[in-house]
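First the structure, in the form of structure tokens, and then the observations on it.
Taken together, the values in this text are just the output of simple stated rules run on the coordinates, not laboratory data. None of these values were measured; they are calculated from a predicted model. Cβ placement follows ideal geometry from the backbone for every residue including glycine, while neighbour counts extend to all protein chains displayed.
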Amino acid sequence: MSRQSKWLWGSQIAAFCMLAIWAAVDPSFGSPVRSEWFSDSWIQANPVRSVGIGLIAILAVGSLLGLLVQFFARSSPITQHRSLAQLLAVVTLAGFWFALATHVDSIAWQGKRARFALRVEGLERIVAPLREEWPERDGELPAIGPFMAYPFGRPTTLVLLQAPSVAQQSVYVSAIELQDGAIKLQLTGTDGGDWAEWHPPSSQPASFVGGLSDPHEMETATPIGRGWYLVRYQS
């Protein structure tokens, strides 16, 4: 294999790995993939990410085109077998890229699952007092601050007036739901947008209607340990 071929293949592998790792570790990666990736508003809000992803795309496309040029340039009988093998490798690589594009949101979700598995202790600090005694009216608790309880009389929803943080500057809790013994935290912030839910042994995540009569259709759920689940509902 020539030095140029090694560089082209190395660029392909590097671009593929960088994009997969980025999807797993960047909290902001999943949301644009699902909705408005590279829209004008997203580019303005994420100039560094836009440049980084653009450079990776240029590296991937440029090196792939270089490999294709090498294949079509080899037409002599001596190099025919080698060229066919390279074409098969290029097609396989294209399949890997297609698989990454198809499953990049799943990669981002598994990365988020890993991050929240490390945050269970912080989630427990918020939920532990509520498991012992669920509030019956508006009030304030050390772990969550002041809140309003809905519906009146037998509340199942706590709307938090000062969202407590689970992870500094990246995850906050805006509301808490009680559903059949399960306590569900609505997450906001850079790494928010989903729900962290504690379920007793006989309970698992499912679609529900909140205390404010807001329906939540479950899309996916994954356990993160100690009875906790990371759950995504359809927006």
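Remarks
- Rough spin-label spacing in nm, given labels placed 7 Å along Cα→Cβ, for VAL209 and TRP134: 1.7
- Values of log10 I(q)/I(0), in the order q = 0.14, 0.20, 0.22, 0.28 Å⁻¹, for the stretch 141-212 under a Debye, Cα-only, solvent-free model: -0.44, -0.87, -1.02, -1.31
- Listed residues PRO135, PRO47, PRO155, most fluctuating in the chain (Gaussian network, C-alpha, under 10 Å): PRO47
- In Hz, Karplus ³J(HN,Hα) per residue of the stretch 157-169 (6.51, -1.76, 1.60; θ = phi - 60°; x = Gly, Pro): 10, 10, 8, 7, 8, 10, 4, x, 8, 9, 10, 3, 6
- Highest average packing first - 193-204, 96-107, Cβ atoms within 10 Å: 193-204, 96-107
- Note on the stretch 172-233: Rg/Rh from Cα positions, Kirkwood definition for Rh, rounded to two decimals, is 0.92.
- The stretch 91-172: GluC sites (Glu not before Pro) in DSSP loop, at most 14 other beta carbons within 10 Å: GLU133, GLU136
- 3J(HN,Hα) from dihedral phi, the stretch 141-148, Karplus parametrisation 6.51/-1.76/1.60, rounded to Hz, x for glycine, proline: 10, x, 6, 10, x, x, 8, 10
- Karplus-derived 3J(HN,Hα), 6.51/-1.76/1.60, for each residue of the stretch 57-67, Hz, glycine and proline x: 5, 4, 4, 5, 5, x, 5, 5, 4, x, 5
- Remark on the chain: hydrodynamic radius 20.8 angstrom, per the Kirkwood mean of 1/r across alpha carbon pairs.
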